[in-house]
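Here the structure is laid out as structure tokens; the discussion comes afterwards.
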Amino acid sequence: MNENLQNTWIFGSGHTVVILAILQIIDLALTLLHSLQERKGQLWRYFGAIAGVKVPDIFGQISFFGGLTISLWIVGVLGITGTVLWQAPLAFGCLGAIIGCRISDSWFSHIALNNAGYQPNPGLSSVPLYFAEVVVLLVVFHPTIRMQMFPVLIGFIIGALARCTKQRKIIILRERKAGRLQKLYPSSASAGLHATPRRCNRTGCETIVKKRFVQKTPVDQRSM
């Protein structure tokens, strides 16, 4: 076991339980902190407002907060504790998934949308902590990443794709709505829909989208 730990992380076999407990608690705490920030800012409404659709609060609470938090906790335990204690391919894959999830979620769900003008972004303030954790995991588990590169890479890809799926859904919903509006109001639907709302504080951005939708009512056609 001691020899295996030398090839698992940079701490070797010294103070394994204490260091492992600290790393695991930090990972779980960061997931909870980020999820609570997204819940407080109602991230599901934020995404729905950008796409121009209404996301029910009950669905957002269960899916965006409860489901994602529990899933990330499970992956975190398997990836960190599992890599040290069990040293199985599944654990190595989950370690890569943690890193992929953190990077993908930070960029696609927060940094990119905030830079595009959709502000304020729920959870953006804890993104630097996510990147700090990624750096720590890369350093601490460098021996595992180097020796188990294939399962770690597979896990990284799965984690990254899983987190950016939310962004992909926004694009699909927005394009579908654009197609429906184009059929109803060919002369002006596209311009109104793609006029990007710049305020997305809970229901604020959603209200802007609805107002722009109302502007494309048949009254405009009668006035033409």
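Brief remarks on what is shown
- Along the range 50-58 the Karplus relation, 6.51 cos²θ - 1.76 cosθ + 1.60 evaluated at θ = phi - 60°, assigns HN-Hα couplings of 5, 7, x, 10, 9, 9, x, 4, 5 Hz to successive residues, with x for each Gly and Pro.
- Here is the size of the range 2-170 from its Cα atoms: Rg then Dmax, 16.7, 56 Å.
- Applied to the range 66-74, the Karplus parametrisation 6.51 cos²θ - 1.76 cosθ + 1.60 on θ = phi - 60° returns per-residue 3J(HN,Hα) values of x, x, 5, 4, 5, 4, 5, 5, 5 Hz, with x for Gly and Pro.
- J(HN,Hα) series, the range 32-39, from Karplus relation 6.51 cos²θ - 1.76 cosθ + 1.60, nearest Hz, glycine and proline x: 5, 4, 5, 5, 5, 5, 5, 5
- Charge dipole (debye, nearest 20) of the range 2-170; +1 at Cβ of Lys and Arg, -1 at Cβ of Asp and Glu: 540
- Where labels lie 7 Å past Cα in the beta-carbon direction, separation of Ala88 and Leu36 in nm: 3.2
- Given R0 = 35 Å, the distance between the Cβ atoms of Val135 and Leu161 translates into a calculated FRET efficiency of 0.95.
- Amide H contacts of Ala88 (H built 1.01 Å from N, in plane; Pro and chain starts excluded): no residue 5 or more places away or on another chain comes under 5 Å.
- Take the Cα of Ser125, step 7 Å toward its Cβ, do the same at Arg146, and the gap between the two points is 3.9 nm.
Read-outs throughout are calculated quantities, based only on the coordinates presented, and are distinct from any laboratory measurement. Here the structure is a predicted model, which is why all the values come from computation and not from measurement. With ideal geometry, Cβ positions are generated from the backbone for all residues, glycine too; neighbour counts draw on all protein chains shown.
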